[in-house]
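Single-structure report; data block below.
Where a number appears in this text, it was derived from the coordinates with a stated rule and is not lab data. Just so we're clear, the structure is a prediction, and the values are computed from it rather than from any experiment. Here the Cβ is made from the backbone with ideal geometry for all residues, glycine too, and neighbour counts use every protein chain on show.
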Amino acid sequence: MTNLAVGQTAPAFELPRDGGGTFKVSAFKGKPVVIYFYPQDDTETCTAEAIDFSALKSEFDKAGIVLIGISPDSIAKHEKFKKKYKLAHELAADEDQTVLNAYGVWGEKTLFGRKYMGVVRTTFLIGRDGKIARIWNKVRVKGHAKEVLEAAKGV
């Protein structure tokens, strides 16, 4: 679970993104920003989440909301993932987990009784003022993208 709270200033960062260039959260001050952290490209649940957000990308754009997905996968892996599923939104790579740690979403997980470190699926809504407006912890994917869009429209 994240160590951040609603009302705190969102940690600043700059990460490489698919398509070249970088994603710098501070570049979008004055706009709501949705950051969804996910464990891994091209896995069943992560793919479903990415497709759901991608399907709503034009609605995020119309509302002036910036949308980015972040995982520890490489840019090359993001490029393949994005192309394979025709994803419309940007993906950023945090291979050294710096941003994942800053947002408190890199943590211990358990699968079939085995403990390991990984991304705890979490979404942040950052308001126009650069402060965290909402946090969704341990996200369940079904209906999540639509819920985030509706919440972001109100920020």
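What to note about this one:
- Relative contact order (%) - segment 14-153, alpha-carbon pairs under 8 angstrom, separation at least six: 31
- Charge dipole (the chain, unit charges on Cβ, about Cα centre) - positive-most of Ser26, Phe53, Ala10: Phe53
- Flagged links, alpha-carbon separation over 32 Å, of Lys115/Lys153; Lys62/Lys109; Lys83/Lys109; Lys77/Lys131; Lys57/Lys115: Lys115/Lys153; Lys62/Lys109; Lys57/Lys115
- Cut-off 15 Å, label 7 Å out along Cα→Cβ of Thr98, residues of segment 5-30 by amide N: 11-17, 22-26
- Each residue of segment 123-136 was assigned a 3J(HN,Hα) from its phi angle through the Karplus curve 6.51 cos²θ - 1.76 cosθ + 1.60 (θ = phi - 60°); the sequence is 10, 10, 10, 9, x, 4, 8, x, 9, 5, 9, 7, 10, 10 Hz, with glycine and proline shown as x.
- Going by neighbour counts of Cβ atoms within 10 Å, the residues Phe28, Phe53, Phe112, Phe23 line up, fewest first, as Phe112, Phe28, Phe23, Phe53.
- Assigned charges on the beta-carbon of Lys, Arg, Asp, Glu; the chain dipole about Cα centre (debye): 320
- The charge dipole of segment 33-91, taken about its Cα centre with unit charges on the Cβ of Lys, Arg, Asp and Glu (plus for the first two, minus for the last two), comes to roughly 240 debye.
- Each DSSP beta bridge with both residues in segment 14-153 is either parallel or antiparallel, and the antiparallel ones are about 70%.
- Helix-derived mean residue ellipticity, 222 nm - over the chain, DSSP H n ≥ 4, -39500 (n - 2.57), to 500: -8000 deg cm²/dmol
- Sparse-neighbourhood loop sites, trypsin sites (Lys or Arg not before Pro) in segment 89-155 - DSSP loop, at most 14 other Cβ within 10 angstrom: Arg128, Lys138, Arg140, Lys142
- Taken one residue at a time, the phi angles of segment 26-38 give Karplus couplings (6.51, -1.76, 1.60, θ = phi - 60°) of 5, 5, 10, 4, x, 10, x, 10, 10, 10, 10, 9, 9 Hz. Gly and Pro are set to x.
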